[in-house]
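Read through the structure below, which is laid out as structure tokens, and then see the notes.
The values are calculated or read from the model by the stated rules, or taken from the named source; none is laboratory data. In this text, all values refer to a predicted model and were calculated from it rather than measured experimentally. Heads up, the Cβs are rebuilt from the backbone with ideal geometry, glycines too, and the neighbour counts pull from every protein chain shown. Quick note on the areas: whole protein, heavy atoms, side chains included, nothing else; ligands and nucleic acids left out. Shrake-Rupley method; radii C 1.70, N 1.55, O 1.52, S 1.80 Å.
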Protein chains: 2
Amino acid sequence: MRLTTERRQAMSKPYGELKVGPRILLGPGPSDVDPKVLRALSAPTVGHLDPDFITIMNDTVELLRYVFQTENQLTLPMSGTGSAGMETVLVNLIEPGDRVLICVAGLFGQRMADIAGRCGAVVETVQVPWGRIIDAGEVRKALAKGSYKLVAIVQAETSTGILQPLDEVIDLAHKNGALIVVDAVTSIGGVELRVDKWGIDACYGGTQKCLSCPPGLAPVTFNGAARKAVASRKSKVQSWYLDLNMVQNYWGQERFYHHTAPVNMIYALREALRLVYEEGLEKRYARHRRHAGALYAGVTAMGLELAAQEGHRLPSLTTVAVPSGIDEARVRRDLLNGFGVEIGGGLGELKGKAWRVGLMGYSSSRRNVVLFLSALESVLKAQGFQAPTGAGAAAAEVFLAANPEG
Amino acid sequence: MRLTTERRQAMSKPYGELKVGPRILLGPGPSDVDPKVLRALSAPTVGHLDPDFITIMNDTVELLRYVFQTENQLTLPMSGTGSAGMETVLVNLIEPGDRVLICVAGLFGQRMADIAGRCGAVVETVQVPWGRIIDAGEVRKALAKGSYKLVAIVQAETSTGILQPLDEVIDLAHKNGALIVVDAVTSIGGVELRVDKWGIDACYGGTQKCLSCPPGLAPVTFNGAARKAVASRKSKVQSWYLDLNMVQNYWGQERFYHHTAPVNMIYALREALRLVYEEGLEKRYARHRRHAGALYAGVTAMGLELAAQEGHRLPSLTTVAVPSGIDEARVRRDLLNGFGVEIGGGLGELKGKAWRVGLMGYSSSRRNVVLFLSALESVLKAQGFQAPTGAGAAAAEVFLAANPEG
């Protein structure tokens with residue numbers, strides 16, 4: 001009966017034009033999208049085998065190689081959001097019975113372990129408290145137990161705001177004979193990532209974080225060793241949709257039809273990548289570090305504390321500890337309703353304990369740092385929080401003046 | 001060396017603004033997208049848990065129930081293209097060892113059998129030559145061999161242009177105790193589809209066909225029996241990304257974060273569905289039938305033959321047999337380069353033997369029928385094909401005059 005009533009209401013409902021925002025996206029993603037990218041997104045749809053579209057696909061792959069800093073031939077955007085990239089990498093590399101080691105320092109490490117299990121892997125994990133980095137010594141100990149098909153680790157943990165050092169872990173994995181898989185969803189395009197130089201075998205990123213493209217695609221890259229592991233599987237990849245043996249023949253010279261690519265999303269990704277290329281990766285990394293530094297200075301000056309381990313904070317995403325006596329959800333609601341500013345709440349071990357503030361891609365700007373700090377001061381004071389007036393924004397401005405653009 | 005050179009070229013390449021079209025999409029999908037939908041697509045991105053976005057999600061689900069003609073609570077768009085919808089349905093319903101019967105009358109039936117195999121099912125098939133319908137008698141014979149977990153069938157075979165009758169097959173499946181799964185990728189929103197009335201247990205559609213939304217989403221619907229099969233699984237769904245036990249908690253009242261939804265694609269789908277709702281399904285079905293009729297009249301008057309079985313032709317997609325002596329790929333190239341008109345080539349058993357002409361959603365118009373027939377005449381004559389001048393377009397106009405809008 002309840003559904004029938006709903007249905008009847010729906011049927012007589014006048015559906016109006018779309019109503020959204022206005023918003024400024026300073027959460028864990030999506031980030032704000034440059035109007036140029038929205039314009040590209042809304043170009044007329046063409047066929048997925050149209051010569052014009054094939055040129056766009058080629059540009060997109062070249063530009064993805066640039067942001068991954070790789071010459072890997074197998075580099076392409078999968079037709080799903082970031083988590084589909086994670087599943088793509090694991091489902092293509094893992095065969096039932098393979099031993100894998102997953103490093104878990106937050107929600108996305110947990111998710112990798114869950115997916116690896118669904119692929120039939122024998123999953124072992126290295127775990128640390130949320131908000132800390134994985135210690136290479138722990139990985140060494142775990143790898144001493146035997147040989148592994150792969151080791152997987154998150155470079156930028158969106159749930160904790162940690163930037164994980166990778167060099168030693170990559171080295172240890174390779175000494176074990178394992179492939180190294182890196183989650184770069186929240187780092188790609190905003191935080192240093194060098195797939196070839198660092199020796200990463202397979203890597204996936206997100207589009208809606210530091211690349212500032214709407215969500216819907218998942219760039220992946222596989223080097224020769226990872227590709228060989230896919231090509232020499234004994235069993236079929238358990239997902240048809242994500243089977244790289246087929247997907248790569250659509251994106252490669254063959255142009256074999258596999259599934260209908262999300263054409264307009266690819267337009268947007270190409271434009272978002274073109275803007276990254278125009279800015280240059282080094283400048284872009286520096287911009288993310290600089291605005292994160294201003295944010296740290298601001299929240300500290302307000303008497304707040306950062307939740308992620310010092311020395312390993314992620315420029316693109318900052319976790320701020322919720323002070324005692326403050327209703328964290330109300331703060332987020334007041335920011336959204338009063339200022340149109342979105343930030344994220346904590347997840348898992350940090351639920352209720354931290355806010356997640358993203359300064360990613362197009363959202364990483366002086367204007368947004370100053371607005372956020374001023375707005376945060378206002379909504380915290382409404383809950384009785386004591387902070388020196390204007391201290392946050394002023395400290396951010398001092399930081400920026402002392403650290404001019406390169 | 002080759003890659004390094006490519007990379008160097010890429011690095012010094014000036015990437016210009018996006019260049020596409022202009023095109024008129026009369027292939028097997030995507031179809032042309034209404035400018036209103038492109039405008040919705042490019043609205044500013046908001047967060048996937050934003051209250052404004054949740055309203056948009058609710059509207060989208062209500063409108064999807066309308067186009068599926070269902071009151072199924074579990075109705076939502078999956079974050080991938082049509083084939084991800086196929087994989088969603090099979091991967092959630094099938095557990096290793098389950099016996100399934102797949103009806104194969106073209107490429108998409110084959111794909112279902114492939115995916116079911118990857119899910120660990122014991123797959124049996126009923127096969128017919130491409131361009132024919134599946135005979136219910138064959139299904140009866142196959143089902144007599146035992147009991148099955150599910151029977152899967154394609155309503156609208158995009159590879160052959162066949163509209164499959166469903167009533168007897170649905171009845172037979174239920175008598176066997178099997179769930180019935182229907183592929184409605186190329187029928188939803190353009191050809192009669194009544195999920196509840198017909199007793200379909202699980203169904204998936206595409207957005208880039210008769211709904212005229214850009215590709216990137218896959219609407220699915222599950223009734224109570226199908227939902228129960230998912231909820232009572234002994235094993236985890238092998239795909240984390242497509243696991244409805246989790247995805248439905250994001251789309252349902254719980255709003256649990258699962259993956260970041262493709263926000264802008266949902267804007268576009270809501271707008272595309274709103275336009276379907278505004279037109280009304282019955283009028284829309286009639287429009288598709290009417291323009292298909294005009295197309296049949298036109299190509300027949302030109303001396304061409306239709307490739308799909310008479311009496312079972314799909315209004316949204318017409319297969320036209322390639323006359324002997326004609327280079328079929330050149331015809332498609334000439335239509336694209338000379339008129340900006342895209343049609344499709346044959347697939348599988350029809351490769352080189354048929355063209356696939358779609359009149360779907362926004363593309364299903366008098367203007368497009370007349371343009372296509374005139375353009376086809378021109379490019380065929382360039383290859384020496386004999387046809388009475390203007391006969392195709394004239395016959396189409398006669399048909400439309402004799403069959404006015406309802």
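Some values worked out for this structure:
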{"read-out": "Label point 7 Å beyond Cα along the C-beta direction, distances from B:Pro165 to other copies (nm, shortest first)", "value": "7.3"}
{"read-out": "The protein assembly as shown - charge dipole about Cα centre, Lys and Arg +1 at Cβ, Asp and Glu -1, debye rounded to 20", "value": "360 debye"}
{"read-out": "Gap separating the Cα centres of the stretch A:24-74 and the stretch B:257-336, nearest whole Å", "value": "28 Å"}
{"read-out": "Average beta-carbon neighbours from other chains, 10 Å sphere, peptide A:274-283", "value": "1"}
{"read-out": "For A:Leu143, net neighbour charge (Lys/Arg +1, Asp/Glu -1) across residues whose Cβ lies under 14 Å away", "value": "+1"}
{"read-out": "Cut-off 11 Å between beta-carbons: net charge of the residues surrounding B:Leu179, Lys and Arg +1, Asp and Glu -1", "value": "+1"}
{"read-out": "Largest-first principal axis extents, alpha carbons of the stretch A:30-171, Å", "value": "54, 32, 27"}
{"read-out": "Semi-axis lengths, Å, the protein assembly as shown, gyration tensor of Cα atoms, sqrt of 5 times eigenvalues", "value": "46, 29, 27"}
{"read-out": "Accessible area of the stretch A:1-149 belonging to carbon and sulfur atoms, whole % at 1.4 Å probe", "value": "54 percent"}
{"read-out": "Label distances, nm, A:Glu17 versus same residue in remaining copies, Cβ-directed 7 Å point", "value": "2.3"}
{"read-out": "Given charges at Cβ of Lys, Arg, Asp, Glu: the protein assembly as shown dipole, positive-most of B:Ala393, B:Gly298, A:Ala84", "value": "A:Ala84"}
{"read-out": "Whole-number accessible area per residue in Å² for chain A, which is evaluated in the context of all protein chains at 1.4 Å", "value": "35 Å²"}
{"read-out": "Fraction of antiparallel bridges per DSSP, the stretch B:35-278 only, in percent to nearest 5", "value": "35 percent"}
{"read-out": "D_trans [Stokes-Einstein, Kirkwood Rh over alpha-carbon pairs] for the stretch B:202-306, 20 °C, 1.002 mPa s, µm² s⁻¹", "value": "126 µm²/s"}
{"read-out": "Relative contact order of the stretch B:160-258, defined on C-alpha pairs under 8 angstrom at six or more residues apart (%)", "value": "18 percent"}
{"read-out": "Per-residue mean of C-beta atoms belonging to partner chains within 10 Å, peptide B:28-40", "value": "4"}
{"read-out": "Whole-number D in µm²/s for chain B (Stokes-Einstein; Kirkwood sum over Cα pairs; 37 °C, 0.692 mPa s)", "value": "148 µm²/s"}
{"read-out": "Cα centroid separation - the stretch B:192-242 against the stretch B:81-119, whole Å", "value": "12 Å"}
{"read-out": "For the stretch A:281-402, the Rg and Dmax computed from alpha carbons only, in angstrom", "value": "13.5, 42"}
{"read-out": "Per-copy distances of the B:Gly352 label point, shortest first, in nm (7 angstrom along Cα→Cβ)", "value": "6.9"}
{"read-out": "Dipole of the stretch B:202-254, positive end: most advanced residue of B:Gln208, B:Ala231, B:Ala218 [Cβ charges, Cα centre]", "value": "B:Ala231"}
{"read-out": "Of all DSSP beta bridges in the protein assembly as shown, antiparallel share, percent nearest 5", "value": "50 percent"}
{"read-out": "Relative contact order %, chain A, counting alpha carbon pairs below 8 Å whose residues are six or more apart", "value": "23 percent"}
{"read-out": "Total accessible surface hidden between B and A, rounded to 100 Å², 1.4 Å probe", "value": "7400 Å²"}
{"read-out": "Cα principal axis extents for the stretch B:77-120, largest first, Å", "value": "28, 24, 12"}
{"read-out": "Rotational relation B to A, axis-closest Cβ in chain B, residue and distance rounded to whole Å", "value": "B:Ser42, 2"}
